[in-house]
Structure formats: C-alpha cells, structure tokens
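> Sending over a structure as structure tokens; questions will come in a sec.
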Amino acid sequence: MHNIPITRVEDLDRAVVAIGTDYPDDHLLPWHEHRRAQVLYAATGLMHVETADGSWTVPTARAVLIPPTVRHQVAMRGVSTRSLYLEPAAVPWFPARCQVVDVSGLLRALILAAVEMEPRYPEHSRDEAVAALLLHELRSLTPLPLDVPLPREPRLRDLCEAFLRRPDVHDPPARWCGELSVSERTLARLFRRDTGLSFSQWRQRACILHALPLLAADVPVTRIAAGLGYDNPAAFTAAFGRLLGRPPSAFRGSLGRGVS
C-alpha cells in the first residue's frame, strides 16, 4: 500500500500492516499517536522524531521504533518512508521508549516486500510468512545512539532545549550550574538520573546529532566542526566515529539517497 493514512487500515485483523509514503521536502508531521506500534523506516532522506522525553535523528536506511500510543511529531527532509504498523499483542517485546535501529539488507528487503503485499494477506500464504519473518527480524535489532534524552527537571530541560538550538561542544558545566544555582556535583547527578548520560556525554551526543542533517546536506566538515566549537575537523571526526562507529563521510549527501 502506498500513500494512504493508517487510520483507513489500522483495524485490519493482521499483525503487520505496511504502508509506503512520500512526503514533500521539509515536511512536518504534527503531533499524533497510533494504536499500533510503528517501525518508521527512512528509505530516503533524514527524519527528526520528537516525543515528550527526547528526540531521535533517523538517517537514510535506518528506522525508528515508536511504541503504541506514544505522541510524537516527525520533521522530514527529502523523505520517503516505509512504515510497519504492528499489533501490540504481536510485539510484547517492543521497547517502551523510541529507539533508532540499523536496518540489515534482509530486513530492508522484507520491509519493501511488505509494502507491496495485499493488506489482508491470506493465512498460510507467502505474504503471511513474510510478516512472520519481519516480526522475527525486528526482535533482534540493536539500538543506535541516535537519541538526545531530555531531563524531567523543568529548568534543566529549558537549558537543554536552548543548547540543542545552539550546540557548543565546549559549553562549560559551570555556566549551567550558574544558571541553575547548583553545584557541579548536583548537575552531574541530575543529568545521570534523568538522561542516563553524564553532562559531557550528553553535550557531545547533542553536537554529533546536530551535525547529521548538515552532513546530509553536504555542508563541509570543516564548517560543521567550527560551528560546533571543535578545535579542528580531526577532533570532530574522532568524536563522531566514537559515537556512531562510522566517519562523517558515511553520512554525507544522504538527502534523497536510498532505494524506495
């Protein structure tokens, strides 16, 4: 199925419903939720998913797992998606919080095949076997560090959101402590409690993920590194590789790239 709203088919008595959707460039899908769990795959372009507790950057050929009834919005740049909508009872192992995952060649082929299936695929058919194999493959996915969790404490959250708008890898914790009137020890405790990351880990991750859409748009690494406050492009490249396991070049020019 292509370019139809999930609301038209959400209540089909099938564990897997697959829909392919093409979006205009720089499209914002406003806040909404689904009864089913969703696997949102970026066949092309780059997506930025937000929920109440964080944001996730989804490059081409990756997917984000969105739990049932979690409100979210999606900003899209050059995106064509392939979505799997899964009956919650069929995926009791589904994460309670969004996760970005890598997509293997096999899983990608299964997702693309599922979009071409009849929505009410016959029982004991090849299409039902594809759906069953999809559920099996999805269960073994490994999360990628492509999220920026946000703290619950309102004043700290406000500072985090301001940082995300203008990230700087050398922004000192002392500045944050001054804004919040807390010690560095308290700041460290708040970050670890609410995000699972240290302050420096959170700051570094926010900077690297801010760079992904810039890389996808072919902005030079030198300019990206300088804009984020890195001492030189080599320092940025090293930090990027430590977080994502791949160099910035692996993500360059990815807008519009991919196979739908």
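> In segment 1-94, which chymotrypsin sites (Phe, Trp or Tyr not before Pro) are in a loop and have at most 14 other Cβ atoms within 10 Å, using DSSP for the loop call?
On the way: sites: Trp31, Tyr41, Trp56, Tyr85, Trp93; in loops: Trp93.
Taking segment 1-94 and a limit of 14 other Cβ atoms within 10 Å, the loop chymotrypsin sites (Phe, Trp or Tyr not before Pro) found are Trp93.
> Moving on to the next point. Consider the candidate values [x] 7, 33, 40, 19, 1; [y] 7, 29, 32, 21, 9, 2, 0; [z] 6, 21, 23, 21, 14, 8, 5, 2, 0; state which one is P(r) over Cα pairs in 10 Å bins from 0, in percent computed from the structure displayed.
[y]
> What per residue convex hull volume, in Å³, comes out for segment 150-251 when only alpha-carbon positions are used?
Per residue, the Cα convex hull of segment 150-251 comes to 92 Å³.
> Helix-only mean residue ellipticity at 222 nm, the chain, DSSP H runs n ≥ 4 weighted -39,500 (n - 2.57), per residue, nearest 500. What is it?
-11000 deg cm²/dmol
> Given the Cα-Cα distance of Arg8 and Glu118 and 0.36 nm per residue of separation, how much length would full extension add, in nm? Working shown, then result.
On the way: separation 110, 0.36 × 110 = 39.60 nm, distance 1.41 nm.
Working it through step by step, the gained length comes to 38.2 nm.
> If I take every Cα pair under 8 Å that is 6 or more residues apart in the chain, average their sequence separation and divide by the length, what percent do I get for the relative contact order?
Working: 470 pairs, mean separation 52.9, N = 260.
Taking the mean separation of contacting Cα pairs over the length of the chain, I get 20 percent.
> At 7 Å along Cα-to-Cβ for each site, give me the label-to-label distance between Arg223 and Leu28 in nm.
Each label point is offset 7 Å from its Cα along the Cβ direction, giving 2.4 nm.
> Here's another thing I want to ask about it. Describe numerically, in nm with one decimal, the distance between label points set 7 Å from Cα along Cα→Cβ at Ser200 and at Leu106.
4.0 nm
> Any number yet on Rg/Rh for segment 6-144, C-alpha, Kirkwood?
0.93
Only the coordinates and a few stated rules stand behind these numbers; no lab work does. Computed from a predicted structure; not experimentally measured. Cβ sites come from the backbone with ideal geometry, for glycine too, and all protein chains shown count toward neighbours.
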